1. Since T69 meets every condition but one in (1) under 30 Å from E133 (Cα atoms); (2) at pLDDT 95 or above; (3) open to solvent by 10 Å² or more (accessible area, probe 1.4 Å), which condition does it not meet?
2. So N55 ticks every box in (1) over 16 Å from V38 (Cα atoms); (2) open to solvent by 10 Å² or more (accessible area, probe 1.4 Å); (3) touching a residue at least 12 places away in the same chain (Cβ under 8 Å) but one. Which box is left unticked?
3. Quick one: which residue in V38, V102 is at pLDDT 95 or above, assigned to a strand (DSSP E or B) and within 20 Å of the chain's Cα centre (by Cα)?
4. On the basis of being of a type in the set (F, W, Y), in contact with a Cys (Cβ under 9 Å, 6 or more places away or on another chain) and within 23 Å of G54 (Cβ to Cβ), does Y116 make the cut?
5. If we keep just the residues of the stretch 249-261 that are open to solvent by 30 Å² or more (accessible area, probe 1.4 Å) and of a type outside the set (K, R), which is nearest to the chain's Cα centre (by Cα)?
6. If only one of N140, N123 is over 27 Å from D245 (Cβ atoms) and either free of Cβ contacts under 8 Å to residues at least 12 places away in the same chain or in a strand (DSSP E or B) (or both), which one is it?
7. Please go through the stretch 185-197 and pick out each residue that is open to solvent by less than 30 Å² (accessible area, probe 1.4 Å) and touching a Leu at 6+ places or on another chain (Cβ under 9 Å).
8. D14: acidic (D, E), outside any strand (DSSP E or B), at pLDDT below 95 and out of contact with any Pro (no Cβ under 8 Å at 6 or more places or on another chain), yes or no?
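The values are calculated or read from the model by the stated rules, or taken from the named source; none is laboratory data. In this text the structure is predicted, and so the values were computed from the model without any measurement. Cβ: placed from backbone, ideal geometry, glycine included. Neighbour counts: every protein chain shown. Surface accessibility is based on the protein's heavy atoms, side chains included, excluding ligands, DNA and RNA. Shrake-Rupley method; radii C 1.70, N 1.55, O 1.52, S 1.80 Å.
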Amino acid sequence: MPHPSVVLATAGYDHTIRFWEATSGRCYRTLQYTDSQVNRLEITPDKQLLAAAGNPHIRLFEINSNQPTPLLSYDNHTSNVTAVGFQQDAKWMYSGSEDGTVKIWDLRAPGCQREYESRGAVNTVVLHPNQTELISGDQNGNIRVWDLTANSCSCELVPEVDTPIRSLTCMWDGSLVVAANNVGTCFVWRLLRGSQMMTNFEPLHKLKAHNTYILKCLLSPEFCEPHRCLATCSSDHTLRIWKVDGFTLEKELKGHTRWVWDCVFSVDGAFLVSASSDCTAKLWDISTGDAIRTYQGHNKATVCCALHDGTEPTG
């Protein structure tokens with residue numbers, strides 16, 4: 001099977017994962033995910049594996065294979081898995097769940113290696129670019145920093161009491177973190193390194209990005225510097241692109257007809273892929289604000305997407 005230079009996958013409530021040719025819009029592979037809906041997808045940095053987070057499992061599939069069954073399965077969560085991601089060398093995977101835990105899994109060994117208790121259903125987890133801290137957001141409105149070196153919670157923030165944190169994103173250089181909540185607000189902090197190598201949050205901005213749920217927020221990748229932007233997607237059917245310098249609205253992306261659940265930038269930040277309850281995913285040209293491709297094939301809500309169009313890391 002040829003190894004695609006661009007890996008684009010979508011999934012959702014129809015119990016399938018679909019792989020797409022990004023430019024033509026053709027679906028070239030469909031995987032059955034019979035156990036549950038798929039909440040989140042993530043591709044390993046080397047483009048070899050795709051993680052699919054469901055309820056309550058995480059399954060790892062080989063990307064460059066016709067094998068329909070998962071390569072590995074992780075079953076220690078007891079409820080919906082809402083977040084999944086990989087350390088930069090793909091040595092370990094992290095996850096968050098509505099069971100109130102954040103877990104770390106060594107991909108070279110079975111089982112869960114570490115578990116952190118959030119005391120609230122976890123909606124989002126991101127890995128700090130320093131690779132030594134996980135940041136989680138939960139249904140009770142708490143943001144927690146988990147120091148993997150000290151193996152403990154090093155920081156706790158509650159930007160708005162009892163308002164669920166829906167999504168977190170960290171700038172590629174570790175300079176900013178953004179939290180989006182259920183009432184359309186994005187909180188922006190500057191991240192500062194303290195004397196004990198602990199990350200400190202300095203409030204920078206409060207952005208009223210939408211008037212209803214923000215389902216995903218995402219800061220632009222390294223290769224679109226110096227043009228830094230923030231993407232937000234919402235239950236109001238739109239995606240919005242904000243300039244990080246001043247947090248002014250740059251573009252509103254309209255075309256989906258139902259909730260927009262997820263988005264992911266291309267490696268150069270010029271394009272964005274989105275996933276929506278209208279059963280489609282779309283490819284957007286950010287410079288024009290136009291949807292240049294629609295990926296159709298799911299027959300229920302499409303709630304997650306993953307894209308890897310960069311080069312594999314060398315080392």
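1. (1)
2. (1)
3. Details: V38 fails: assigned to a strand (DSSP E or B).
Matching residue, one of V38, V102: V102.
4. For Y116, the condition - of a type in the set (F, W, Y), in contact with a Cys (Cβ under 9 Å, 6 or more places away or on another chain) and within 23 Å of G54 (Cβ to Cβ) - is met.
5. Just the residues of the stretch 249-261 that are open to solvent by 30 Å² or more (accessible area, probe 1.4 Å), to begin with: 249-252, 254-255, 257-259, 261.
Still in the list and also of a type outside the set (K, R): 249-250, 252, 255, 257, 259, 261.
Numbers: L249: 22, E250: 22, E252: 20, G255: 21, T257: 22, W259: 16, W261: 10 Å.
Per the stated criteria, the residue is W261.
6. Details: N140 fails: either free of Cβ contacts under 8 Å to residues at least 12 places away in the same chain or in a strand (DSSP E or B) (or both).
When all the criteria are applied, what remains is N123.
7. As a first pass, look at the stretch 185-197 and keep what is open to solvent by less than 30 Å² (accessible area, probe 1.4 Å): 185-189, 191, 194.
Matches in the stretch 185-197: T185, C186, F187, V188, W189, L191.
8. Details: acidic (D, E): yes; outside any strand (DSSP E or B): yes; at pLDDT below 95: no; out of contact with any Pro (no Cβ under 8 Å at 6 or more places or on another chain): yes.
No: the conditions fail for D14.
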